[in-house]
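See below for the structure under consideration.
The values are calculated or read from the model by the stated rules, or taken from the named source; none is laboratory data. What you are looking at is a predicted structure, and each value in this text was computed from that prediction instead of being measured. Positions of Cβ are backbone-derived with ideal geometry, glycine not excepted, and every protein chain shown enters the neighbour counts.
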Amino acid sequence: MKRILLSAVVVSSLAVAAYGFDASATWTDQCAKCHGADGKGETKMGKKLSIKDYTTAEAQASFTDVEGVKALKEGTKDKNGKIRMKAIEGMTDADAQAMVKFFRGLKK
Ligand code: HEC
């Protein structure tokens with residue numbers, strides 16, 4: 001756990017330096033309620049939505065970086081058109097890319 005926190009801090013300071021955007025703070029504010037702080041999706045929302053455990057290689061391999069950016073900017077829907085992950089408001093391409101990079105770092 002300590003290692004996860006430490007790498008989150010490192011990743012976030014890199015992201016801030018490169019983009020002026022704090023991926024780690026955004027994660028805590030806007031993503032952890034569904035995905036869990038550690039990315040395992042073991043939250044109430046995560047269970048309700050059957051969110052994958054994104055610390056696994058399989059789940060990380062289930063989407064491309066481009067799809068990840070699209071999910072953040074446009075959200076995702078199930079096959080019946082019901083929203084699963086909402087679009088994150090105000091995400092620029094660079095923010096979304098930094099966010100996906102951070103998300104990749106959740107993998108153990
Ligand atoms: C309302 C709950 C919710 C929130 C909040 C949320 N997500 Fe998701 N996220 C999901 C679900 C559900 C999926 C699985 C996609 C699907 O099944 O349609 C997902 C999938 C993803 C994926 C994989 C994309 C793909 O195409 O499979 C990424 C990357 C991601 N989330 C990043 C984030 C980030 C970063 C944030 C915060 C900025 C965030 N999510 C906030 C529910 C959420």
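Scanning the stretch 33-47 for residues that are within 8 Å of the ligand (Cβ to nearest atom) and either at pLDDT below 95 or among the hydrophobic types (A, V, I, L, M, F, W, C) (or both) turns up Cys34, Met45.
The set of residues in the stretch 50-70 being touching a residue at least 12 places away in the same chain (Cβ under 8 Å), assigned to a helix (DSSP H, G or I), more than 8 Å from the ligand (Cβ to nearest atom) and not aliphatic (A, V, I, L, M) consists of Gln60, Asp65. Within the stretch 81-100, the set of residues being over 15 Å from Asp29 (Cβ atoms) and more than 10 Å from the ligand (Cβ to nearest atom) comprises Gly81, Thr92, Asp93, Ala94, Gln97.
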